[in-house]
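Beneath this line is the structure, given in structure tokens, with notes to follow.
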């Protein structure tokens, strides 16, 4: 995947079949679907692929236990099916993870046990494992750090885990083809209309400050929480359609869980569920559901959100986490449908909606990582339904994603590259595969691969999304940043001024991830 190649394609194609705005889960999923159907496809991302919500999830591919609790059965069934498809199509990125629900009331184990049996039944042949009611002794054995005071037992069930921004990059690589061009750091300036119908758009390439106008049969708006901004380019007086909801996660050292199993806390003080999930030798704990007035490309965790997670997680752990234990904190914004009634954001459905405007703009509203493939299928089918595209069948249900490899070693931090692992390692000498940090794995070869093959342009691209350093340990990321910037400058043939600018931007950014 090369940016210059995409620019060459951009200058050659007179009219695209599809132009996608947004390079998150939905946009990249649509690009994969469109490319596999054989449409000429251009994707434009304002910042970097997966920069927004798509890199800030709980790292779960799941049916949604809470959706079951809320009675959103259709979404649960759809999500469980998609979970199975994604694990089958990307076995190097999605793994089975067992969850323990510790119970402290006499009724809790049978109650949650029945609920999880229904969950299993809904998954059918695509299930990951059977749920089981377990004793107090078994619960303590599986989660050694669980709060033992008043513990009666537990329920164990199975869901999927993945690395969200690595999945985003994998989708970009899977979509990359002769008929597809993907560009990051491109800002859409406006939509082009002819006889009240959208026939293209104008955008600015932020890297070379060049302006472009492109023709397209279809424009698909997949900008998540910012979708309304694009819709207003088409219909300036539209009513509010999206209500942003902020979800915050904290990252702790693995000593706070001491288990390969995750904990699901079924009832927090605000009626949500809370997860403590082992991830890359750390523990991700979250999330919150806070209504936010305005969407921001770099959302900031609120003090009360951090306190809420610490307080609720602490009730279930023998070692109670404090603010000083937090290695990184990150916030993402959910693009929930705006409702006229006063529902709390946790009650608003996570199912997606495809909106078609009178001028033909197709907008994806809502959705979640697990169902990205179905969202993409529905978006392309919507374009076919209004006679904008020649009818072609969806092929993604059985499409193996880039780097597909079975039976990988999940303890190997290079597993995210799947079948490409040896190619990444062979980019330089033996020394180039040594980690630049003792806290997480990042090597010179990974930096080089990220730039040459994965379109990484900034220091943040490499440290936050091509690798997950920023999300694992913010202080350690700041410490290694000068060395990474220097290596990037060497590969990109940049000068000291470029290094200084990148470090200045990065040091400003890292404050959002540090408590």
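Here residue 131 passes the criteria (1) without any contact (Cβ under 8 Å) to a residue 40 or more places away in the chain; (2) farther than 18 Å from residue 62 by Cα except the one numbered (2). Would segment 72-79 turn up any residue that is under 22 Å from the mean Cα position of the chain (by Cα), part of a helix (DSSP H, G or I), outside the structural domain of residue 280 (by TED's automatic domain parsing) and closer than 26 Å to residue 407 by Cβ? Checked against the condition, which is being under 22 Å from the mean Cα position of the chain (by Cα), part of a helix (DSSP H, G or I), outside the structural domain of residue 280 (by TED's automatic domain parsing) and closer than 26 Å to residue 407 by Cβ, segment 72-79 yields at least one hit. Considering (1) loosely packed, with under 15 Cβ neighbours inside 10 Å; (2) in contact with a strand residue (DSSP E or B) (Cβ under 7 Å, 6 or more places away or on another chain); (3) in the same structural domain as residue 25 (by TED's automatic domain parsing), the lone condition that residue 205 does not fulfil carries the number (1). Exactly one residue among 135, 109 is in the same structural domain as residue 255 (by TED's automatic domain parsing), modelled with pLDDT under 90, over 26 Å from the mean Cα position of the chain (by Cα) and farther than 27 Å from residue 93 by Cβ, and that residue is 109. Between 101, 118, the distinction of being in contact (Cβ under 8 Å) with a residue 40 or more places away in the chain and surrounded by fewer than 20 Cβ atoms within 10 Å (Cβ to Cβ) belongs to 118 only.
Do we have residue 27 as at pLDDT 95 or above, assigned to a helix (DSSP H, G or I) and crowded, with 24+ Cβ neighbours inside 10 Å here? In short, yes. Look at (1) in a loop (DSSP other than H, G, I, E, B); (2) over 25 Å from the mean Cα position of the chain (by Cα); (3) more than 30 Å from residue 177 (Cβ to Cβ) and you find that residue 437 fails only one, number (2).
Filter segment 261-277 for residues that are touching a strand residue (DSSP E or B) at 6+ places or on another chain (Cβ under 8 Å) and in contact (Cβ under 8 Å) with a residue 40 or more places away in the chain and give the result. Selection gives 261, 262, 263, 264, 265, 266, 268, 273, 275, 276, 277.
In segment 236-250, what count of residues is obtained for those that are more than 14 Å from residue 365 (Cα to Cα) and assigned to a strand (DSSP E or B)? Within segment 236-250, residues that are more than 14 Å from residue 365 (Cα to Cα) and assigned to a strand (DSSP E or B) number 5. Screening the candidates 176, 184 for the property of being modelled with pLDDT under 95 and not assigned by TED's automatic domain parsing to the domain that holds residue 109 yields one hit, 176. Would you confirm whether any residue within segment 343-357 is assigned to a loop (DSSP other than H, G, I, E, B), surrounded by 17 or more Cβ atoms within 10 Å (Cβ to Cβ) and modelled with pLDDT of 95 or more? Checking segment 343-357: not a single residue is assigned to a loop (DSSP other than H, G, I, E, B), surrounded by 17 or more Cβ atoms within 10 Å (Cβ to Cβ) and modelled with pLDDT of 95 or more.
Only a single criterion out of (1) buried (at least 21 other Cβ atoms within 10 Å of the Cβ); (2) assigned to a loop (DSSP other than H, G, I, E, B) is not satisfied by residue 275, namely (2).
Residues in segment 80-107 that are assigned to a helix (DSSP H, G or I) and within 18 Å of residue 395 (Cα to Cα): 81, 82, 83, 84, 85, 86, 87, 88, 89. The residues on offer are 211, 215, and the sole one that is assigned by TED's automatic domain parsing to the domain that holds residue 183, without any contact (Cβ under 8 Å) to a residue 60 or more places away in the chain and either assigned to a loop (DSSP other than H, G, I, E, B) or surrounded by fewer than 16 Cβ atoms within 10 Å (Cβ to Cβ) (or both) is 211.
Here residue 7 fits the description: over 26 Å from residue 330 (Cβ atoms) and not assigned by TED's automatic domain parsing to the domain that holds residue 121. Taking the criterion of being free of Cβ contacts under 8 Å to residues at least 24 places away in the same chain and outside any helix (DSSP H, G or I), the only residue of segment 134-143 that qualifies is 135. Take the residues of segment 408-434 that are in a loop (DSSP other than H, G, I, E, B) and out of contact with any helix residue (DSSP H, G or I) (no Cβ under 6 Å at 6 or more places or on another chain): which is nearest to residue 502 (Cα to Cα)? Per the stated criteria, the residue is 434.
Residue count for segment 192-208 under the criterion of being touching a helix residue (DSSP H, G or I) at 6+ places or on another chain (Cβ under 9 Å) and in a strand (DSSP E or B): the result is 4. Note on segment 456-515: enclosed helices (runs of 4 or more DSSP H) holding 1 or more residues that are farther than 14 Å from residue 251 by Cα are 474-492, 496-510. Starting from segment 400-416, take each residue that is at positive phi and list its partners that are part of a loop (DSSP other than H, G, I, E, B) and modelled with pLDDT of 90 or more, counting only C-beta distances under 7 angstrom and pairs at least six apart or across chains. Sorted first by the residue in segment 400-416, then by its partner, the pairs are 403/92. State whether one or more residues within segment 220-231 are outside any loop (DSSP other than H, G, I, E, B), touching a residue at least 60 places away in the same chain (Cβ under 8 Å) and within 30 Å of residue 415 (Cβ to Cβ). Yes, that holds for at least one residue.
The values are calculated or read from the model by the stated rules, or taken from the named source; none is laboratory data. Note that the structure is predicted; figures quoted are calculated from it, not measured. Because the Cβ atoms are built from the backbone with ideal geometry, glycine has one as well, and the counts that use them run over all protein chains shown.
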